[in-house]
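Undergrad: Here you go, one structure.
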Amino acid sequence: MSRDHYAEVKQIHLWQGLSRSPVSRIMAKSGLGLDAGSSAAVTVLKRAVELDSEFRYQSALVCYQEGIDLLLQVLKGTKDDTKKDNLRKKISGYMDRAENIKKYLDQEKEDGKYHKQIKIDENAIGFSYESLFQEYLSDTVTEVWIEDPYIRYIHQLYNFLRFCEMLIKRPGKVKTIHLLTSLDEGDGKERQISGLKEIKESLRSHGVLLELEYSSSIHDREIRFNNGWIIKIGRGLDYFKKPQNRFSLGYCDFDLRPCHETTVDIFHNKHTKKI
């Protein structure tokens, strides 16, 4: 971004006393007490500014928006007029910065230049499908394309099922899911076809169409949403490690499931290409 970016971030740093000041000092400068709502707002906005200064604009925007919402809640409960004026000024500053980031990201998307990379380390946790994809699943998503050659074995079928569950639970109105995968050429072929058929029938009961297509030459892994987001995961959906046993943490909650090392590349293209 331009020099204005540095000026805006510097100004926000001055407002917060970031990063040398603890939360209590920041709150004192604002004339606010250390109640839970105020502390939460400062914590989130401090993170927003850190992400902003690291040029991680998409994540920074999410934190700015969350922090602004928290500050608005604090404003509603504030009686002192001076404190209210201070809060309104800070909220206005954060809103201006968030709006500028949004404009910048929109332009990057428009120009087809947006690219974010996430590196998942070996044994890392906190990368469930919800954690990884929720930022890009807006309520405008109605159609999803998945290209993954390894939706064959039982655990891979369950991975795909969990991904579908995540889509259905989102606020959007997903109506169609396209899956392009390869057929198991061994003894597991019937099990694979049967499993995908069951998933298809289950999705149909929720008003969602699953379109299946098989290819013997597929290699790349890619997920596309019809709001323009494109996610490429090195290992596809199969990046979770096998749990140690049935009663270990991470067996059910995939945010606690250790991962294999892989890389996630995220792009945006206003013209989503169908598989």
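Undergrad: Using the structure shown, decide if GLY186 is over 13 Å from ASP238 (Cα atoms) and either exposed (fewer than 14 other Cβ atoms within 10 Å of the Cβ) or touching a strand residue (DSSP E or B) at 6+ places or on another chain (Cβ under 8 Å) (or both).
TA: Details: over 13 Å from ASP238 (Cα atoms): yes; either exposed (fewer than 14 other Cβ atoms within 10 Å of the Cβ) or touching a strand residue (DSSP E or B) at 6+ places or on another chain (Cβ under 8 Å) (or both): yes.
So GLY186 fits the description; yes.
Undergrad: Could I ask something else about it? Find the residue count for segment 71-84, including only residues that are of a type in the set (D, E, K, R) and either touching a residue at least 24 places away in the same chain (Cβ under 8 Å) or open to solvent by less than 80 Å² (accessible area, probe 1.4 Å) (or both).
TA: Going through segment 71-84, the residues of a type in the set (D, E, K, R) turn out to be 76, 79-81, 83-84.
Remaining after also requiring either touching a residue at least 24 places away in the same chain (Cβ under 8 Å) or open to solvent by less than 80 Å² (accessible area, probe 1.4 Å) (or both): 80, 83-84.
Residues meeting the conditions: 3.
Undergrad: Let me ask something else about it. Is one or more of the residues making up segment 152-171 of a type outside the set (Lys, Arg), out of contact with any Gly (no Cβ under 8 Å at 6 or more places or on another chain), outside any helix (DSSP H, G or I) and surrounded by 17 or more Cβ atoms within 10 Å (Cβ to Cβ)? Explain how you work it out, then say what you get.
TA: Keep residues of segment 152-171 that are of a type outside the set (Lys, Arg), which gives 153-161, 163-168, 171.
So of that shortlist, the ones also out of contact with any Gly (no Cβ under 8 Å at 6 or more places or on another chain) come out as 155-156, 158-161, 163-168, 171.
Subsequent filtering for residues that are outside any helix (DSSP H, G or I) retains 171.
So of that shortlist, the ones also surrounded by 17 or more Cβ atoms within 10 Å (Cβ to Cβ) come out as none.
No, segment 152-171 contains no residue that is of a type outside the set (Lys, Arg), out of contact with any Gly (no Cβ under 8 Å at 6 or more places or on another chain), outside any helix (DSSP H, G or I) and surrounded by 17 or more Cβ atoms within 10 Å (Cβ to Cβ).
Undergrad: Within segment 214-221, can one find any residue that is in contact with an Asp or Glu (Cβ under 8 Å, 6 or more places away or on another chain) and open to solvent by less than 20 Å² (accessible area, probe 1.4 Å)? Don't jump to the end; show me each part of the working.
TA: Taking segment 214-221 first, the residues in contact with an Asp or Glu (Cβ under 8 Å, 6 or more places away or on another chain) are 218, 220-221.
Among the residues that remain, those that are also open to solvent by less than 20 Å² (accessible area, probe 1.4 Å) are: none.
So far as segment 214-221 goes, no, none of its residues is in contact with an Asp or Glu (Cβ under 8 Å, 6 or more places away or on another chain) and open to solvent by less than 20 Å² (accessible area, probe 1.4 Å).
Undergrad: Then there's this: Under the condition of being assigned to a helix (DSSP H, G or I) and small (Gly, Ala, Ser), which residue from segment 81-117 is farthest from ASP52 (Cα to Cα)?
TA: Restricting attention to segment 81-117, the residues satisfying the condition of being assigned to a helix (DSSP H, G or I) are 81-110.
Those still in the list that are small (Gly, Ala, Ser) too: 92-93, 98.
Details: SER92: 17, GLY93: 14, ALA98: 10 Å.
Per the criteria, the residue is SER92.
Undergrad: Taking the stated definitions as given, is GLU201 exposed (fewer than 14 other Cβ atoms within 10 Å of the Cβ) and not basic (Lys, Arg)?
TA: Considered against the rule, which asks whether it is exposed (fewer than 14 other Cβ atoms within 10 Å of the Cβ) and not basic (Lys, Arg), GLU201 comes out as yes.
Undergrad: A further question on this structure: Looking at (1) free of Cβ contacts under 8 Å to residues at least 24 places away in the same chain; (2) open to solvent by 30 Å² or more (accessible area, probe 1.4 Å), find the lone condition where PRO258 falls short.
TA: In the conditions (1) free of Cβ contacts under 8 Å to residues at least 24 places away in the same chain; (2) open to solvent by 30 Å² or more (accessible area, probe 1.4 Å), PRO258 misses (1) alone.
Undergrad: State the number of residues belonging to segment 92-144 that are of a type in the set (A, V, I, L, M, F, W, C), buried (at least 18 other Cβ atoms within 10 Å of the Cβ) and over 27 Å from GLY250 (Cα atoms).
TA: 3
Undergrad: I need the strands (runs of 3 or more DSSP E) fully contained in segment 186-275, keeping only those with at least 3 residues that are out of contact with any Cys (no Cβ under 7 Å at 6 or more places or on another chain) and modelled with pLDDT under 95.
TA: Numbers: elements: 209-214, 222-225, 229-233, 262-268.
Counting at least 3 such residues, we get 262-268.
Undergrad: Also, I was wondering about something else. Assuming THR78 fulfils every condition listed in (1) at pLDDT 90 or above; (2) assigned to a loop (DSSP other than H, G, I, E, B) apart from one, which condition is it?
TA: (1)
Undergrad: In the set ASP265, ASP238, which member is surrounded by fewer than 18 Cβ atoms within 10 Å (Cβ to Cβ) and in contact (Cβ under 8 Å) with a residue 40 or more places away in the chain? Write out each step before concluding.
TA: Details: ASP238 fails: surrounded by fewer than 18 Cβ atoms within 10 Å (Cβ to Cβ).
None of the others qualify; the one that does is ASP265.
Undergrad: What's the number of the condition ILE68 fails, among (1) at negative phi; (2) open to solvent by 20 Å² or more (accessible area, probe 1.4 Å)?
TA: (2)
The values are calculated or read from the model by the stated rules, or taken from the named source; none is laboratory data. From a predicted model like this one, the values you see are computed outputs, not experimental measurements. In this analysis, Cβ positions are derived from the backbone assuming ideal geometry, glycine residues included, and neighbour counts consider all displayed protein chains. These accessible areas exclude ligands, DNA and RNA; they are computed on the full protein's heavy atoms, side chains included. Shrake-Rupley method; radii C 1.70, N 1.55, O 1.52, S 1.80 Å.
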